[in-house]
1. Using a Förster radius of 25 Å, what is the FRET efficiency between LEU201 and ASP112 based on their Cβ-Cβ separation? Nearest 0.05, please.
2. Within 10 Å of each candidate Cβ there may be at most 13 other Cβ atoms; applying that plus a DSSP loop requirement, which GluC sites (Glu not before Pro) in the range 114-213 survive?
3. If the cut-off is a Cα-Cα distance under 19 Å, which lysines reach LYS111, setting aside same-chain residues fewer than 8 apart in sequence?
4. Compute the angle between helix 35-44 and the longest alpha-carbon principal axis of the chain, please, reported from 0 to 90 degrees and rounded to the nearest 10.
5. Using only the alpha carbons, work out the radius of gyration and Dmax of the range 102-164 in angstrom.
6. Given the whole protein assembly as supplied and a 1.4 Å probe, what does the accessible area of VAL8 come to in Å², nearest 10?
7. Specify the inter-centroid distance of the range 37-109 and the range 161-186, based on alpha-carbon positions, in whole Å.
8. Nearest-5 percent of antiparallel DSSP beta bridges in the range 17-115?
Amino acid sequence: MIIETLIVGPLAVNCYIVGDEKTREAVIIDPGGNARDILDTLRREQLVPIAIVNTHAHFDHIIALTEIRAQTRAPFYLHTDEAKILASAQLGASMFGFPMSQPAPAERLLKDGDEVQIGSLSLQVLHTPGHTPGGICLLCDGHVFVGDTLFQGSIGRTDLPGGDYGTLMASIRDKLLTLPNETIAHPGHGDSTTIGEERQLNPFLRPLATGRWTV
Ligand SMILES: [Zn+2]
Ligand SMILES: [Zn+2]
């Protein structure tokens, strides 16, 4: 399994390229900027992108989407509940002072339990709403790409449109903390971590561990 991490765009998003070593097929997760760098990495690693999959559609995660789509002709996959967030991405970007053209709708709408095949690898879709309504995590072979749902020592913000704290905590409890401790979590910003480390050390997850908070 190939995992390339690129830190891209004005808000330092982690864009991941996940590929099959044998077939050289790959998916691009969260093309948040630096389209050139993403395309160069694909070329250097001799990877053929078969899809672009987004953990969610906040503008910082899709700044390079339109260009990557045009250059690779790879289809774009997004959770079905995230279409609204995508539709307002350009507005969100302009509010933060980053002009961006509005991306076209997704070619494939995902739901919980769907699988995205990359050669012999399979990315399993975990619907994890809370940061946004259609946020997903992607589980593959002991690795989970968690977007802005969970960070090393923190959790996603829930004060943006469609966000909800209780929903986010339930998603983390039911979809991420149920994974084995050694599972490596790759967030949308910052360093990778493990589920076990976050279970033990993440102060924002303490209400779940102590049972003092339930949803
Ligand atoms: Zn976000
Ligand atoms: Zn983000």
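The values are calculated or read from the model by the stated rules, or taken from the named source; none is laboratory data. All values derive from a computational prediction rather than experimental measurement. Every residue, glycine as well, gets a Cβ built from its backbone with ideal geometry; the counts of neighbours run over all protein chains shown. What goes into the accessible areas is simple: the full protein's heavy atoms, side chains included, and nothing from ligands, DNA or RNA. Shrake-Rupley method; radii C 1.70, N 1.55, O 1.52, S 1.80 Å.
1. 0.35
2. GLU182
3. Cα-Cα hits under 19 Å: LYS84, LYS175.
4. Value to nearest ten degrees: 80.
5. When restricted to Cα atoms, the range 102-164 yields Rg and Dmax of 13.0, 39 Å.
6. In the full protein context, VAL8 sits at about 0 Å².
7. 23
8. 25
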